[in-house]
Amino acid sequence: MELRAVNERTYIPKEDDIERRWFVVDADGKVLGRLATRIAQIVRGKEKVYFTPHLDAGDFVVVVNAEKVRVTGNKLRDKIYYRHSGYVGNLKEEPLARLMARKPEWVIMHAVRGMLPKNRLGRKLLKKVKVYRGPSHPHAAQKPLPLEV
């Protein structure tokens, strides 16, 4: 990859020029929001020199120990997630504490999704986040590098 001089046109990387890396993050004891912002930055590619807002230049992130993520304040009791089926009278609500016991992976994915663009690119980027409840994951072949949050 060759970067051009300042007075030339802006460099936009080609799909082949983008180097994709894999990172693994241990969520044990990490605060949910701070963890999600760091994951969103890596997936979006914002720490790379050739970051371009409309391109997927980011890396893959594997999150382990999702069940041990921490939330501050009274969020476990007060925060409520809503979902609606589209039918009249079918608004479901579930507090964070119950959702963490049932699907801790979903809580992290939901937090990261809220920090990505709300368009086609954001949906593509979200597929690069892999979240697992326990300490093991099936991505050892990619040799993920540890990422400190």
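Observations, loosely collected:
- Residues satisfying the stated conditions in the stretch 118-149, i.e. assigned to a loop (DSSP other than H, G, I, E, B) and free of Cβ contacts under 8 Å to residues at least 12 places away in the same chain: 118, 119, 127, 138, 148
- Residues of the stretch 14-59 classified as touching a strand residue (DSSP E or B) at 6+ places or on another chain (Cβ under 8 Å) and more than 22 Å from residue 110 (Cα to Cα), total: 2
- Some residue of the stretch 103-111 being more than 24 Å from residue 20 (Cβ to Cβ), among the aliphatic types (A, V, I, L, M), touching a residue at least 60 places away in the same chain (Cβ under 8 Å) and not in a loop (DSSP other than H, G, I, E, B): yes
- Count of the stretch 38-61 residues which are among the charged types (D, E, K, R), more than 19 Å from residue 143 (Cα to Cα) and within 11 Å of the chain's Cα centre (by Cα): 2
Any read-out appearing in this document is the output of simple, stated calculations on the displayed coordinates, not a laboratory observation. Treat the numbers as computed from the prediction; the structure is a model and nothing was measured. Note that each Cβ is placed from the backbone with ideal geometry, even for glycine, and that neighbours are counted across all protein chains shown.
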